[in-house]
1. Consider A402 carefully, then state whether it is in contact with a Gly (Cβ under 8 Å, 6 or more places away or on another chain) and at negative phi.
2. Between Y101, Y181, which is of a type in the set (S, T, Y), closer than 30 Å to R24 by Cα, crowded, with 18+ Cβ neighbours inside 10 Å and in contact with a strand residue (DSSP E or B) (Cβ under 7 Å, 6 or more places away or on another chain)?
3. Among helices (runs of 4 or more DSSP H) lying entirely in the stretch 1-98, which contain 3 or more residues that are within 26 Å of Y287 (Cα to Cα)?
4. Consider only pairs whose beta carbons are under 9 Å apart and that are at least six residues apart or on different chains; among these, list those whose first residue lies in the stretch 123-134 and is closer than 18 Å to T148 by Cβ and whose second residue is small (G, A, S) and surrounded by fewer than 24 Cβ atoms within 10 Å (Cβ to Cβ).
5. Which members of the stretch 128-144 meet the condition of being touching a Leu at 6+ places or on another chain (Cβ under 7 Å) and under 15 Å from V208 (Cα atoms)?
6. Could you please give the count of residues in the stretch 372-409 that are assigned to a loop (DSSP other than H, G, I, E, B) and either free of Cβ contacts under 8 Å to residues at least 60 places away in the same chain or over 30 Å from A289 (Cα atoms) (or both)?
7. Of these, V293, V339, V248, which one is out of contact with any Ser or Thr (no Cβ under 9 Å at 6 or more places or on another chain), among the β-branched types (V, I, T) and more than 24 Å from R382 (Cβ to Cβ)?
8. Given (1) in contact (Cβ under 8 Å) with a residue 24 or more places away in the chain; (2) over 19 Å from K115 (Cα atoms), identify the lone condition not met by G59.
Amino acid sequence: MTTVRSAMAVPLSEAQRLVQRGIREVCEAFDDAYWRECDREGRYPDEFVDTLAEEGWLGALVPEEYGGPGLGTPEVVVMMEEIAASGGGFAGTQAIHGGIYNVPPLVNYASEELKAELLPKLADGEVAVQSLGLTEPNAGSDSTAMETTARRSKDASGRPGNEYVVNGQKLWISRVDRTDYVVLMARTTPRDEVEKRTRGISMFLVDVADVREQGALETRRIPKTAADAVHSFELFFEDARVPARNLVGEEGEGFYQLLDGLNEERLVIAAECIGLGEAALEAGVAYAAEREVFDRPIGKNQAIQHPLAEAFAHLTAAKRVVHDAADRIHDVEREQAGVLANTAKYLAAEAAFEAADAAVQTHGGFGVAREYDVERYFREARLCRLVPIAQELALNYIGTTALDLPRSY
């Protein structure tokens, strides 16, 4: 471990240390040049993801009874931080993020038949559930405004049939080209027919190959400036038939089912931000120590040293908040868990951006050169302030929930 990360170390449990060692061994085979090439070519890191899948890491949250390791949020926080810090950055973690965090809704709400059929395959890396179909052109931060519909078919006697018919558009859906299934959110009851806007939304497990064969799914890739190795898409469903057995949980309760795991997922995003910030800070410190101007290392100048030191302080503080929250999140009520998760995500994203910005500035003109990784880290750190929610929305939650201020929206 490098000096920077050693100085930022936090106490880890034995389980966390085992995860850290295991992931570090995998990451050692994928150096900075590998990630630089994936970014430059917009190429999905198949070799990296396949290695993780073969070793069972994509099934990290699959319970032991279904063949998985049954890891929890504290362990996955370490896992994702390690991947990002290894040089994979935000793209490295986002390449597998969905495959891990689309599992909890299936574990918690899918039928026993569906779980018995699917979860062992997820644990073994045989299949992937890498995509969540939530966001739409008119439903970003306000997910309840979604317009995609799923209508239950009827048999000849007018009784509920054995499939749902899905129509609508989804936006910013990642990894559709590398998944077997999409966890799809759709309205089964129109918004104007429910008492609360959060009602009437259902969750489905959609077989991508099946709906493609039906000719009912069109996908369009969205070009991006950050993490383009992990592709994002627009999805267009037209009369896509989904078996009724693939309804996850109760019809109309999908929004609440999705909420159950969002706080833990947000914490893991925060850990990914921390790892990205660590990678950027290490690169900045190394360059400051090596680069000489006027016959002295530039790191000797306070104008270079102080921004790096500030970034270190803020990143260290954010890291401790993230790990503390991961240890506590299952022991508090949902609202307090939300405060912990949103605080961690806000602080981690800000600290990652500060570290990446300081690293770019330290490199001077080379800070925007593709041969150095800090420009990639900077682009990804900017993205961290937008996903999975914007920083302003995290502050909204903290303001209304922790500070009891009036709701602004």
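The values are calculated or read from the model by the stated rules, or taken from the named source; none is laboratory data. These numbers were taken from a predicted model, which means no experiment stands behind them. Ideal geometry is used to build each Cβ from the backbone, glycine not excepted, and the neighbour counts take in all protein chains shown.
1. On the way: in contact with a Gly (Cβ under 8 Å, 6 or more places away or on another chain): no; at negative phi: yes.
For A402, the condition - in contact with a Gly (Cβ under 8 Å, 6 or more places away or on another chain) and at negative phi - is not met.
2. The match here is Y181.
3. Details: elements: 3-7, 14-27, 32-41, 46-54, 73-83.
Because the criterion is at least 3 residues that are within 26 Å of Y287 (Cα to Cα), the helices (runs of 4 or more DSSP H) in the stretch 1-98 that meet it are 3-7, 14-27, 32-41, 73-83.
4. S131/S174; L132/S174; L134/S143
5. Let us first name the residues in the stretch 128-144 that are touching a Leu at 6+ places or on another chain (Cβ under 7 Å), namely 128-129, 133, 135-137, 141, 143.
Passing the criteria: A128, V129, G133.
6. Initial filter on the stretch 372-409 (assigned to a loop (DSSP other than H, G, I, E, B)): 372-373, 385-390, 403-409.
The next check asks that each one be either free of Cβ contacts under 8 Å to residues at least 60 places away in the same chain or over 30 Å from A289 (Cα atoms) (or both); those that pass are 385-390, 403-409.
So the count comes out to 13.
7. Details: V339 fails: out of contact with any Ser or Thr (no Cβ under 9 Å at 6 or more places or on another chain); V248 fails: out of contact with any Ser or Thr (no Cβ under 9 Å at 6 or more places or on another chain).
None of the other options fit; the residue is V293.
8. With (1) in contact (Cβ under 8 Å) with a residue 24 or more places away in the chain; (2) over 19 Å from K115 (Cα atoms) applied to G59, the lone miss is (2).
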